[in-house]
Amino acid sequence: MLTTRRVFLHHSLSIASVVGANGLLGSAQAKEKAMARTTGPVIVSTWPFGKASNDEALRILTQGGSGLDAVEKGIWVTENDLSNSSVGAGGMPNAKGVVQLDACIMSGPGHKAGSVAAIEGIRHPISAARRVMEKTKHVMLVGSGAREFALKEGLETAEMPTEARRREWLQWKSKQENADGKNHDTIALILLAPDGHFYGGCSTSGWAYKLSGRVGDSPIIGGGLYVDDQVGAAGATGLGENVMRYCGSFQVVSFMQRGATPTEACLETVKAIARKDPKGSDLSINFIAVDKKGRYGAAGSAQGFSYSVTTPKFSRVETARAVTAKELGPIGGNRL
Ligand code: GLY
């Protein structure tokens, strides 16, 4: 009893100091407190296109499917959408015109993880990641090894890039454009299953016209995704280079562990990164999170972003809170 109380006090103090030091968030906290607690599944994913994936994940859970099936088959919906230029076979290629896909998956029970990076020609990289987790002793396979493994597992291949993406790439190549200018998104999908366990997955084609072999945050455990069954789950989207250097999703879960709500945890992570990074709030990073109470939230850097939330009661797109340069104070403020 005493120990429990000490732990509680320690957590309260930890988060109190975080809240105090950074001037946290009265309104977001109030909103989350007011948020109806759901007892059923809560599914959260990045961007409006995640809603179709959420709906599929809910359908699977409602029919008694597992949390991992819901994550995998939910993400399939986005990977199958050839109009999506950031995920799956419809994704944008690298500088050589080759589509290299990244994905990972995590299971709260057993704290298991699987991941593939720079995999080529496989329709569902999320399934390759799941097979790595379930069928090997490893966590991550990359490049040709990842593809060989996926083929051996009987996973479906797909032609990529699509004709439309190839034409765009040729145009980019002829102009010798700088890869910096291109936007890309990612699907990260996290969920609290009806059995009280957390699961998550992430899938992307990454930065358009990236250097061959470039890997972003999405297949990095703790970068693009992190699940802790005792605490909650978090996922990221945006410029992977600005997430993976800071273990972004791990930070979000870590803030929740110390008592922050999901929105607070996402905001504090964006702020912590932005205070360290020379780019300040101009980072193109965004996080989503869900906790043990079924509360969810999101936050991003100054560019702003929207995300999808699905429960048995509703399925909708919400706007995440964006961290502005003004509220950050001086850039590099955390430095000595
Ligand atoms: N967030 C996806 C990437 O940067 O590759």
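Here the range 266-336 has 55 percent of its accessible surface on carbon and sulfur atoms, given a 1.4 Å probe and all protein chains in place. The magnitude of the dipole of the range 47-112, with charges of +1 and -1 set on the Cβ of Lys/Arg and Asp/Glu and taken from the Cα centre, is near 80 debye. Each of 207, 193, 151 was scored by the projection of its Cα onto the charge dipole of the range 140-246, and the greatest displacement toward the positive side belongs to 207; charges sit on the C-beta of Lys, Arg, Asp and Glu. Accessible area of residue 246 (1.4 Å probe, protein heavy atoms only, ligands and nucleic acids ignored): about 40 Å². Classified by the C-alpha gyration tensor, the range 54-142 has an oblate form. Its axis ratio a/c, with a ≥ b ≥ c, is 1.5 or above, and a/b does not exceed b/c. Got the relative contact order for the range 240-300 handy, in percent, Cα pairs under 8 Å and 6 or more residues apart? Relative contact order for the range 240-300 comes out at 36 percent. Report note on the peptides 66-74, 107-115: ranked by the mean count of other C-beta atoms within 10 Å, highest first, their order is 66-74, 107-115. Note on residue 317 and residue 139: the model spin-label points, each 7 Å out from Cα along the C-beta direction, lie 3.4 nm apart.
Accessible area ranking (1.4 Å probe, heavy atoms, ligands and nucleic acids excluded), largest first, for 60, 105: 60, 105. Computed extension length for residue 279-residue 83: 67.4 nm, one decimal, from 0.36 nm per residue of separation with the Cα-Cα distance subtracted.
Which whole-number value in Å² is the accessible area per residue of the range 79-191, probe 1.4 Å?
45
Across the range 207-336, C-alpha contacts under 8 Å between residues 6 or more apart give a mean separation that, scaled by the residue count, equals a relative contact order of 21 percent.
Quote the FRET efficiency, to the nearest 0.05, computed for residue 69 versus residue 164 with a Förster distance R0 of 30 Å and r equal to the Cβ-Cβ distance. My answer for the efficiency is 0.45.
Using C-alpha pairs under 8 Å with a sequence gap of at least 6, the mean separation divided by the residue count of the range 75-181 gives a relative contact order of 26 percent. Just grab the label-to-label distance for residue 212 and residue 112, each label 7 Å out from Cα along the Cβ direction, in nm (one decimal). Result: 3.5 nm between the two label points.
Candidate cross-link partners of residue 276 among the lysines, defined by an alpha-carbon separation under 23 Å and a same-chain spacing of 8 or more, comprise 326. Here residue 51 is the anchor, and the lysines within straight C-alpha reach of less than 29 Å, apart from those fewer than 8 places off in the same chain, are 31, 33, 73, 112, 182, 210, 271, 292, 293, 313. Around the Cα centre of the range 245-336, unit charges on the Cβ atoms of Lys, Arg, Asp and Glu (plus for the first two, minus for the last two) sum to a dipole of about 140 debye. Across all C-alpha atoms in the range 201-328, the radius of gyration and Dmax reach 13.9, 44 Å.
The values are calculated or read from the model by the stated rules, or taken from the named source; none is laboratory data. All values derive from a computational prediction rather than experimental measurement. Heads up, the Cβs are rebuilt from the backbone with ideal geometry, glycines too, and the neighbour counts pull from every protein chain shown. Note: areas computed on protein heavy atoms with side chains; ligands, DNA, RNA excluded. Shrake-Rupley method; radii C 1.70, N 1.55, O 1.52, S 1.80 Å.
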